[in-house]
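First up is the structure itself, then whatever we jot down about it.
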Amino acid sequence: MIAVPAPSKILIKKLLSAKKIVFFTGAGISAESGIPTFRGEDGIWNKFKPEELANFNSFMKNPQLVWEWYQFRREHVKKAMPNNGHLVISELQNYFEVVVVTQNVDNLHRRAGSKIIYELHGNIEKNFCVDCSKRYDFVDFPKSESSPKCECGGLIRPDVVWFGEMLPATEFSNSEKAARECDILFSVGTSSIVFPAAYIPYEAVDSGKYVVEINPDETELSRAANEVYRGKSGEVLKNILDEFKRSIN
Ligand code: BV8
Ligand code: ZN
């Protein structure tokens, strides 16, 4: 059993004087909720690379396959519950101004009670028609249904950002601003290889902010971070919250 890394004295000291915290999260924070990550050994449908499926051309070429992939993921998301990682981030709102910048499309931060969330890659529960843009948000499409059509006859697609597509401009610029203005940025459960989202932690690094990575594995960001916690986010974040609460009492 690998010991969960305890928070450093420096980090607790930084937290005691901090006001604004940004959590930049990826698929790893939802792993303990049973949602497979993209690129780990349990990666979703390992036979396909996310870039091959999360892609407009693949969708137009084979809407059925891509639609089924999202239905498969929606099933996971529906059954999933926020884990300690999401819940700690939500509870820290009682002590700090917390901004969540997430690459995840699974809605778990919102369900855990986080208020300020920038979804850089969209939301798997939202959909729209590729032809007339009619919204089909939070519609429970029957499992059997092949890729559904809009009343105008157009294909309905998930409202997520696919490879080669622009990120939502306002969410992205708000995220950059939050990273520049925070006291501490935690990068949690992301391989830090998908851009331009992966630039966000570097905004904090370049602005001289304290950057903490929480990930069992090394990533591209590791060498630029001030501190790295090699552990599961649900456990590491719980330790940090408990130690912080001990320090303020
Ligand atoms: C764009 C939504 C162009 C859909 C996703 C430089 C600049 C700009 C673009 C690029 C660039 N270089 C390359 C590009 C192209 C591309 C890109 O980044 N490719 C990568 C693969 C190299 N980027 C794009 O195409 C972007 N669009 O640039 O448009 C453009 C420009 C101008 C004008 C027009 C167009 C769009 C990218 C968004 C793609 N959409 N998802 C969906 O979800 O289905 S990306 C997908 O990857 C998910 O969003 C996911 O969140 C994201 C990142 O993956 P991670 O979250 O990090 O997950 P991963 O599995 O990789 O890692 C999990 C980590 O968790 C691991 O490190 C693991 O160790 C850790 N972990 C596991 N368990 C735990 C844990 N950590 C903590 N606790 C645990 N228990
Ligand atoms: Zn339509």
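All of the numbers you see were taken from the coordinates with simple rules; none came from a lab. Bear in mind the structure is a predicted one, so any value in this text is a computation, not a measurement. Please note: Cβ atoms are built from the backbone with ideal geometry, for glycine as well, and neighbour counts cover all protein chains shown.
Against the chain, whose longest principal axis is taken from its Cα atoms, helix 63-79 shows a tilt of about 40°.
Counting Lys and Arg as +1 and Asp and Glu as -1 over every other residue whose Cβ lies under 12 Å from the Cβ of F163, the net charge comes to -2. Loop-located chymotrypsin sites (Phe, Trp or Tyr not before Pro) in segment 56-147 (DSSP state not H, G, I, E or B) with no more than 11 neighbouring Cβ atoms inside 10 Å: F138. To the nearest ten degrees, helix 169-181 and the longest principal axis of the Cα atoms of the chain are 10 degrees apart. Helical content of the chain, expressed as a calculated mean residue ellipticity at 222 nm, amounts to -10000 deg cm²/dmol (DSSP H runs of 4 or more residues, -39,500 (n - 2.57) each, divided by residue number, nearest 500). Relative to the longest principal axis of the Cα atoms of the chain, helix 233-248 runs at roughly 40 degrees.
Applying 1/(1 + (r/R0)^6) with R0 = 25 Å to the Cβ-Cβ distance of E151 and E68 gives a FRET efficiency near 0.65. Restricting the trypsin sites (Lys or Arg not before Pro) of segment 53-125 to loop positions (DSSP other than H, G, I, E, B) with no more than 13 neighbouring Cβ atoms within 10 Å leaves K115. Extending 7 Å from the Cα toward the beta-carbon at both V139 and K115 defines two label points whose distance is 3.3 nm. The distance between label points at Q93 and A3 comes to 3.5 nm (points 7 Å beyond Cα on the Cα→Cβ vector).
Ignoring aspartates and glutamates fewer than eight residues from K14 along the same chain, the ones with Cα atoms less than 14 angstrom from its Cα are D183, E227, E243.
Over segment 46-135, what relative contact order in percent results from Cα pairs under 8 Å that are six or more residues apart?
20
Name the longest site-free stretch of the chain, where the excluded sites are GluC sites (Glu not before Pro) in a DSSP loop with no more than 14 other beta-carbon atoms within 10 Å. Looking at the chain, 42-144 is the longest stretch - no exposed GluC sites (Glu not before Pro) with at most 14 other Cβ atoms within 10 Å.
From the alpha carbon centroid of segment 180-249 to that of segment 98-147 is 25 Å.
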